[in-house]
Amino acid sequence: MSHQARRRRLRHNRSGVSRMLFVGFGALAATFVVGTAGVVIYVFAVAASAPKLSSLRPVVGGSPSVVLAADGTRLGFIQSDALRSPVSWSEIPRTLANATVAIEDQRFYHNDGIDLTGILRSAINDVVHGQTLQGASTITMQLVRNLYLGNDLRTLKQKITEAKLALEYNKAHTKRSILTSYLNTIPYGTLGGQTALGVQAASRMFFDEPVSHIDLPQAALLAGLPQAPSEYNPFLDPAAARQRRNEVLEKMAQLHYIGAAEAAQAKAAPLEIRRGYYYSQRRESFFFEYVRQQLTRRYGARTVEQGGLTVYTTINLHMQALARKAIANVLNEPGDPASAVVTLDPHSGDIEAMAESQRYGESQYNLAAQGHRQAGSTFKAIDLAEALSRGVDPNSTYYVSHTLSPGWLPAYPEYEVKTFENTSLNRSMNLVDATLQSDNTVYAQLAADLGEPTITQMAHAMGVEAELHSYPSEALGGLTVGVSPLEMAVVYSTLANGGFRDKPIAITKVVFPDGHTDTSWSRPHRVRVLSEAVTAEETKILEDNVHSGTAVRSAISCPTAAKTGTTSNLVDAWLDGYTPNFSTVVWMGYPNKNVPMTDVHGEPQQGGYLPAEIWHAYMEPVLAGNCVPFAPSKEAIKYRPFNGKYSSTGSATANSTAPAVTGTAPGFATGAPVAPPEEAPPPAHHHGGGASPTPGAGPPTGGGSTPPSTPGAAPPGSTPQSSPGATPPSTPGSPPPQQPSTTPPAASPPPASPPPTPGGNPAPGAGGAPPH
């Protein structure tokens, strides 16, 4: 081939290649144009279908609710999976704001809410490599995602939606407002199952201090977390966290937020992390949990945990401390029983103290509010209230104290009731002395005469919420389910305030984040169930019980009224008492098991022993000498003749024209518990103060001694005398009550208690042993 021919072929080939390249580039250009047009059409279609910002509501996780004591002291936060405490712009360090802008959206102050370059770069990455979109979101886009979308799908469609919303949001808010909202809502990591939303929660979690106190290295660490909170968590991977922090510092220096030397110094600093427990710390955990349960029942768990509620409560931290101190000082030996104390304000029902010896970490069981235990003879205050409300004169109504052998109550042929440690007094006494002696046999006969169903009605009226069955032994505190100290505090509060049953109040008000306040919590719920005359008369008797009855160890320098209670085999012991301004109940025993307190501090325990000493040790400093006497009744009590089947006298008060109160012995339900021995008045000791027994008196002689005669009590075989100032048992010339003509059979030991259910109660339907 000639040289000329070769040149013609070469030119032909080159022109072919050129044409191919031209066609190829043309095709690519056309494809690009078509593709771009398609992308543009797609973007506009997605944007058009996206919702308007005004139609959306924020879905960001709320703040944990905080619970405050009566004086405003924080008791703690209600636990939630999400932790958030919004702060203002003034509380956010400028270093943190600058670090966030530098690493998340360096053009934040100049863009209109979106970064088109970033979105295009991410879109190409998504098309070419099939990866999820990375780095395309501005701070504003992240904010609207957290506030309104609640997810991070990282798809082109979501990015377009975010961009559209961000444009709208940016127009309606300032940059400072946008950045403040962002820093208060973005997730910073999870520890212990709880996620920190916002810089305040994150600072509390990672540094154990408020965000306003953090320094530059800590601010850089926080700013680097939102991109990958788990990967950069300093507690899980300190090396990765340090590397990310230093990356933020370098970016800050590059953008001139800090100098190179400052960045170098910060990069050399340690992580400065310290695990914080700000949101999990609690005070008064048992009361706190009681409050949480009440809130949840009304508002629901989600609102309580994430609704940002501010909950104001009634608890008095000073009284709480005094209660725990009293328990610790009295029950101060290894193996001692547990104790719970509840104090109510009788004028409002406010729970001022709810303390116990157990630690919340050892047991989450609230003995004060949930512990259903046998009430013992503290229930006799209910019997006495029923008798007084029926017009029964406690001074002139007599019963013979003696062992009630099986068969005495026909409907319960096996029901046996004995006096203290099986001792038969075999003498007549009026109801005043029977109360001071805490005589089971007298009160069992009184309950039979009144009718147990009426005792049940009175118990519920005065504040007992537990299920009752009108068994004979319930009048003596032998209950199937048991009662809580809180319930008994309500019962004695009813006596303290003149006959009104108050619903216990733990919460005074709840304030919602929008400022709305629910004050219905503190609205009193009062129901009059006793007359002022009845409560005044019973208070006189229970005052006497403090001076010379079973509650002498509880006496303080101010007027008080109280009743003791001790259950079968010394398993539970109580001191329930009140002043005009406080109703306080002390319970002592072993939680979740029936352990007889036969040797605690060297003596068998009854309500008048260590529980009374706890009551004294607590209430003396509570009152601190600010004594208030019980007010006299504005109305006189009216008595009617009482013809009880089991009473030893049916005499009426002089000049009474009211119809007689007829005693009844109704047919009760089956399965009644069996009565145990009663308490004896304890010897006086461990006291000081004007109304207290003589300080330094010796210890009690033991649970087995016969109770000493109370002033005014009738000795065996003699004419019964009323207590000082009482109406005589009969009109002049009437014969004395007859004593039993035969000696009761020898006493036998009381039956053992049935196996306990959780909380130490008799098994339902087993007929647990009643009290002392």
Amide N proximity, segment 310-342 versus N592 label position 7 Å along Cα-to-Cβ, cut-off under 18 Å: 335-340
Local charge sum around G391 (other residues, Cβ-Cβ under 12 Å, Lys/Arg +1, Asp/Glu -1)? 0
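Starting from 0.36 nm per residue, how many nanometres of slack lie between Q281 and S90 once their C-alpha separation is accounted for?
Numbers: separation 191, 0.36 × 191 = 68.76 nm, distance 2.64 nm.
Here the segment from Q281 to S90 would lengthen by 66.1 nm.
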Using each residue's phi in segment 380-389, evaluate 6.51 cos²θ - 1.76 cosθ + 1.60 at θ = phi - 60° and report the 3J(HN,Hα) Karplus result to the nearest Hz, with x for Gly and Pro. 5, 5, 6, 4, 5, 4, 5, 5, 5, 5
For segment 396-410, Karplus-derived ³J(HN,Hα) couplings (6.51, -1.76, 1.60; θ = phi - 60°; whole Hz; x for glycine and proline) come out as 10, 9, 10, 9, 7, 7, 7, 4, 9, 5, x, x, 5, 10, x
How far apart, in nm, are the 7 Å Cα→Cβ label points at E272 and K52? 4.7 nm
Along the charge dipole of segment 415-563, Cβ charges K/R +1 and D/E -1, which of Y492, W521, I541 sits furthest on the positive end? W521
For G608, distant residues with modelled amide H under 5 Å away: G565
In nm, the gap between the two label points placed 7 Å beyond Cα toward Cβ at T519 and K503 is 1.7 nm
Please work out the FRET efficiency for the pair E635 and E465, using the Cβ-Cβ distance as r and a Förster radius of 22 Å; give the result to the nearest 0.05. 0.15
Derived scalar couplings ³J(HN,Hα) [segment 426-440; Karplus, 6.51 cos²θ - 1.76 cosθ + 1.60; whole Hz; x for Gly, Pro]: 6, 8, 8, 8, 7, 5, 5, 5, 5, 5, 5, 7, 6, 7, 5
Which of the peptides 340-350, 64-74 is most tightly packed, and how do the rest follow, judged by the mean count of other Cβ atoms within 10 Å per residue? 340-350, 64-74
Residues in segment 460-478, backbone N under 17 Å from the label point at V527 (7 Å along the Cα-to-beta-carbon vector): list them, ranges by number please. 460-469
In terms of modelled amide H atoms, which long-range or inter-chain residues lie less than 5 Å from the amide H of T195? A82, L83
Taking amide H positions as placed 1.01 Å from N in the peptide plane, with prolines and chain starts having none, which residues 5 or more places from Y398, or on another chain, fall under 5 Å of its amide H? S648, T649
What nm distance separates the two modelled labels at H173 and D112, each placed 7 Å from Cα along Cα→Cβ? 1.9 nm
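Which value, in debye to the nearest 20, gives the size of the charge dipole of segment 508-586 about its Cα centre, when Lys and Arg are +1 and Asp and Glu are -1 at the Cβ?
Working: 7 positive and 9 negative charges, 19 e Å.
The calculation lands at about 100 debye.
Read-outs throughout are calculated quantities, based only on the coordinates presented, and are distinct from any laboratory measurement. Quick caveat: nothing in here was measured; it's all calculated off a predicted structure. Glycine also receives a Cβ, built like all others from the backbone with ideal geometry; neighbour counts cover every protein chain displayed.
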